[in-house]
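The values are calculated or read from the model by the stated rules, or taken from the named source; none is laboratory data. Nothing here was measured: the structure is a model prediction, and the numbers come from that model. When we count neighbours, we look across all protein chains shown, and the Cβ atoms used for this are built from the backbone with ideal geometry, even at glycine.
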């Protein structure tokens, strides 16, 4: 395995009753990059994420994380190793405060996540770090707010903070800007770029404006197979990619974007 790569797959394949959702995917995620996984609906992006985080077992192929074969590892084991997934569902406790949500994430790293009977004093030592994490995602002033009362975009920022509490080396973000208004998209995009300064990010994202603005490398899936990989400037002009997104080789991905505004 290449030392530059924190995550690598070899011929990753998953079949469901004879239907191949993912076929022979070779993925290399380099340390310190934001790597985007894109493709039309049904391309296999979520299946790849489920395979990487061990919620699905591959039919064949291998997965390596930091040089170690994790193909048969359990989800909790890969999370402990520093590969943590966020955003696939709303991963917050709605009736706890924003600070308490992040503190639970910190407790997980201490192995005390279900020790709810611990004294308040023993949990208060985590408050300073929890507050730090909230400041890092612009939620410092929301610490005492109840999570359910947060606006949607701020909830996603809280999910980012609770994921950061797990101290991931590689963060997998599943549709981080889905369902957001323009202002929230811009805020969360900036936060992802900020937290990626000290770790690696692999993200599934439909919003091409987000992908083009922050992704170092883009892998394009179609019908479960990789059809292109590289920086946005290359991928957006790839004829196979244009055809996958537009049903024609006329025009460019940028043209599709301009038409969407």
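Candidates in region 175-212 are the residues that are over 20 Å from residue 154 (Cβ atoms) and free of Cβ contacts under 8 Å to residues at least 24 places away in the same chain; of these, the one that is surrounded by the most Cβ atoms within 10 Å (Cβ to Cβ) is 198. The set of residues from region 99-126 being touching a helix residue (DSSP H, G or I) at 6+ places or on another chain (Cβ under 7 Å) and modelled with pLDDT of 80 or more comprises 99, 101, 102, 103, 105, 106, 126. Of the residues in region 51-58, at least one is closer than 14 Å to residue 200 by Cβ and touching a residue at least 24 places away in the same chain (Cβ under 8 Å). Filter region 19-43 down to the residues that are free of Cβ contacts under 8 Å to residues at least 60 places away in the same chain and more than 16 Å from residue 235 (Cβ to Cβ), then identify the one that is farthest from the chain's Cα centre (by Cα). The qualifying residue farthest from the chain's Cα centre (by Cα) is 19. If you go through region 79-94 and keep only what is surrounded by fewer than 21 Cβ atoms within 10 Å (Cβ to Cβ) and modelled with pLDDT of 90 or more, you end up with 81, 82. Applying the criterion of being within 12 Å of the chain's Cα centre (by Cα) and within 16 Å of residue 92 (Cβ to Cβ) to the residues of region 165-174, the residue that is surrounded by the most Cβ atoms within 10 Å (Cβ to Cβ) is 173.
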